[in-house]
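Values in this text are rule-based calculations from the coordinates and carry no lab data. For clarity, every value in this text was computed on a predicted model and none was experimentally measured. All Cβ positions, even for glycine, are placed from backbone atoms using ideal geometry, and neighbour counts span all protein chains on display.
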Amino acid sequence: ATFDVTVKEIKRKKLAELDDEFAKDISEFETLQELKNDIENKLKKRKEENAQNHLREQAIAKASENAQVDIPQAMIDTQIDDILQNFDLRLRSQGLSLEKFLQYSQQTQESIREQYQEDAKKAVKNQLVLEAIAKAEGIEVEEEDLEKEFERLAEMYNQKKEEIKEILTQQGQIDAIKHSIRIDKAVDFIIANAKIN
């Protein structure tokens, strides 16, 4: 078979020049070099944060590894509830729900709870071990620690520190924030006192 083809038009994508004008158009920076420096700094910071998170995870795992802890099933169930609630929120942000997900994946509430059983048990064990370390070492949350956390959250959410403090107080979240800081300080203690072979 023979075909006749008529080309009506040829288009070519023209990429923008990587120059100062480009930098101004896509960012708040005046020059391309400033934009490059910002990207480089953000990548370096992300890499450092990933390395720090990995170190923290290893420290927690090592501290929990040999710990003998009786974990009540009720705590595991509560942790699974939290995991599923977070999963449901992520699904909803994508226009789905946990119920629909279970339906599409042909799973039941019981089967998905069973899937998260070990993760929940591990998370609860880690939490109990860190709480025990914080208690044994007399780790406390100082006002300065709380203020630093308010500043960090204010920067993260682009709000004033006082606004963050007020919102968290109204929501009754101050004790949860203190607990989180105390646990973070326990992890810092483990890292600072780790013997590396």
message = On a full-extension model of 0.36 nm per residue, what is the gain between Glu99 and Asp20, subtracting their alpha-carbon distance, rounded to one decimal in nm?
response = 23.4 nm
task = Please list 132-143, 92-103, 182-193 highest first by mean number of surrounding beta-carbon atoms within 10 Å per residue.
result = 182-193, 132-143, 92-103
query = Farthest toward the dipole's positive end in the stretch 72-197, which of Ser105, Ile191, Asn86, given Cβ charges of +1 (Lys, Arg) and -1 (Asp, Glu) about the Cα centre?
reply = Ser105
ask   = Any idea what the dipole of the chain comes to, in debye rounded to 20, about its Cα centre with Lys/Arg Cβ at +1 and Asp/Glu Cβ at -1?
value = 820
request  = Obtain the radius of gyration and the Kirkwood radius of the stretch 69-139 from its C-alpha atoms and give Rg over Rh.
outcome  = 1.12
request  = With a point put 7 Å past each Cα toward its Cβ, work out how far Arg152 is from Glu48 in nm, to one decimal.
outcome  = 1.4
key: Reach of Lys44 by Cα under 13 Å, taken over aspartates and glutamates that are not fewer than 8 positions away in the same chain   = none
ask   = What length, rounded to one decimal in nm, is gained on full extension from Glu166 through to Glu140, with 0.36 nm per residue of separation minus their alpha-carbon distance?
value = 7.1 nm
remark   = Quick calc of log₁₀ I(q)/I(0), the chain, Debye, one scatterer on every Cα, no solvent, q values 0.11, 0.15, 0.17 1/Å, result -0.83, -1.20, -1.30
query = Ranking His179, His54 by Cβ neighbours within 10 Å, fewest first, what do you get?
reply = His54, His179
Check: the stretch 1-79 dipole with +1 on Lys, Arg Cβ and -1 on Asp, Glu Cβ, in debye = 320
request  = Please go through the residue pairs Lys14/Lys36; Lys62/Lys185; Lys125/Lys165 and name each one whose alpha carbons sit more than 20 Å apart in this structure.
outcome  = Lys14/Lys36; Lys125/Lys165
query = What aspartates and glutamates could a cross-link reach from Lys161, if we take a straight Cα to Cα line under 18 Å and drop same-chain neighbours fewer than 8 places away?
reply = Glu142, Glu143, Glu144, Asp145, Glu147, Glu149, Glu151, Asp175
key: Reachable aspartates and glutamates, given that their alpha-carbon falls under 18 Å from the alpha-carbon of Lys121 and they are not under 8 places away in the same chain   = Glu57, Glu65, Asp70, Asp77, Asp81, Asp82, Glu110, Glu131
